[in-house]
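K.L.:
The structure's right below; bear with me while I get my questions together.
Just so it is clear, none of the values below were taken in a lab; they were calculated from the coordinates. All of these numbers come straight from a predicted model, not from anything done at the bench. Positions of Cβ are backbone-derived with ideal geometry, glycine not excepted, and every protein chain shown enters the neighbour counts.
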Amino acid sequence: MSITETGVAVLFLNRPHKRNALSQDLIDELTRALHELDRDANVRVIVLTSVGQSPFCAGADLSELAQISTAKAHRIGWLKGLEVGFATVRKPIIAAVRGFAFGGGFEIALMCDIILAAADAQFGFPEIKLGTIPGAGGTQRLTKAMGKHKAMGLILTGSPTTATEMERFGIVNKVCSAEEDVIDESMKVATTVASFSAPAVALAKQAVQTAEATVLNAGLEIERALYYSSFSLHDCAEGIAAFLQKRAPNFEHR
């Protein structure tokens, strides 16, 4: 983990010998780190990627999954902590995907707010080949993002797809060329977002998440309430004043 002077934290999935497969220990470490960064006032944006040249994430650790029965899965809430860990972070999370994001790795990317991918990156849900299904929100988020039929095709065949295809369907924000480093490009986006008012960014993230989780009329009401609440921010007053005075705003993140 590292934190830049611009308020960007880079968080690494660090289990390269297992292709960053999701063990319970890795899940616990990841969610704990996200919680710490969310509480750190010096951090305004989080970039999540893989360590070294390792792939983003191969999915669930099958050696652990093989030991989990239906009863045990319900008892320990297998993968639920991962979902809750991401859902409670108010700061934007940018996924910088190299290699591949399969199964739970793809689900982690979908939990992030922005996804950048290397040109040769691949995404997919191979769970059907193992006699199971995605279990950390993959069936829901992918269907909402790209529609029933395309999601069915990926989930029911277990076939991987390219970063370019995911960009075409609006899952990936940018496919980085061979000449571009995906982490560098993600840092540029993160630095831009971190330059804006942190509380306003948090409100914007909450409003967009509401659109994913509720019907339009309810979402509009919540968006309006969040919009009105931004009027009390010091940064909102500063942003409007700066625009009227034709100068750059000086956001204090309050």
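K.L.:
On a full-extension model of 0.36 nm per residue, what is the gain between E36 and M1, subtracting their alpha-carbon distance, rounded to one decimal in nm?
P.N.:
Length gained, E36 through M1: 11.5 nm.
K.L.:
Additional query: Out of all DSSP beta bridges with both ends in the chain, state the antiparallel percent to the nearest 5. Don't skip to the answer; put the middle values down first.
P.N.:
Working: 4 of 25 bridges.
Rounded to the nearest five, the antiparallel share is 15 percent.
K.L.:
Moving on to the next point. Tell me which aspartates and glutamates have Cα within less than 18 Å of K129's Cα, excluding those fewer than 8 residues away on the same chain?
P.N.:
Here the aspartates and glutamates satisfying the reach criterion relative to K129 are D61, E64, E107.
K.L.:
By how many nm would the segment from A237 to K188 grow when fully extended, if each residue of separation counts as 0.36 nm and the alpha-carbon distance is taken off?
P.N.:
Extending this stretch completely gives an extra 15.0 nm.
K.L.:
Next question, about the same structure. How many angstrom lie between the Cα centre of segment 60-84 and the Cα centre of segment 223-254?
P.N.:
Value for the Cα centre distance between the two parts: 44 Å.
K.L.:
Can you give the FRET efficiency to the nearest 0.05 for E179 and I128, using r as the Cβ-Cβ distance and R₀ = 30 Å?
P.N.:
Computed FRET efficiency for E179 and I128: 0.25.
K.L.:
Could you state the angle between the C-alpha long axis of helix 216-230 and the longest principal axis of the C-alpha atoms of the chain, as a value from 0 to 90 degrees rounded to the nearest 10?
P.N.:
40 degrees
K.L.:
How far is helix 198-213 tilted, in degrees, relative to the longest principal axis of the Cα atoms in the chain, given as a value from 0 to 90 rounded to the nearest 10?
P.N.:
Around 50 degrees separate the two axes.
K.L.:
For the pair A71/K144, report the inter-label distance in nm, with labels modelled 7 Å from Cα in the Cβ direction.
P.N.:
Rounded to a tenth, the inter-label distance reads 3.4 nm.
K.L.:
Could you tally the net charge around E107, taking each other residue with its Cβ under 12 Å from the Cβ of E107, Lys/Arg +1 and Asp/Glu -1?
P.N.:
Cβ neighbours under 12 Å give a net charge of -1.
K.L.:
Tell me the relative contact order for the chain as a rounded percent, counting alpha carbon contacts under 8 Å between residues six or more apart.
P.N.:
The normalised contact order for the chain reaches 17 percent.
K.L.:
What span do the alpha-carbon atoms of segment 168-254 cover on each of the three principal axes, reported in whole Å from largest to smallest?
P.N.:
Sorted largest first, the three principal extents are 44, 39, 19 Å.
K.L.:
While we're on this one: So what's the angle, to the nearest 10 degrees on a 0 to 90 scale, between helix 234-244 and the longest Cα principal axis of the chain?
P.N.:
Orientation of helix 234-244: about 60 degrees from the principal axis.
K.L.:
Give me P(r) over the chain, computed from all C-alpha to C-alpha distances, binned every 5 Å, as integer percentages.
P.N.:
The percentages, shortest bin first, are 1, 6, 12, 16, 18, 17, 13, 8, 5, 2, 1, 0, 0.
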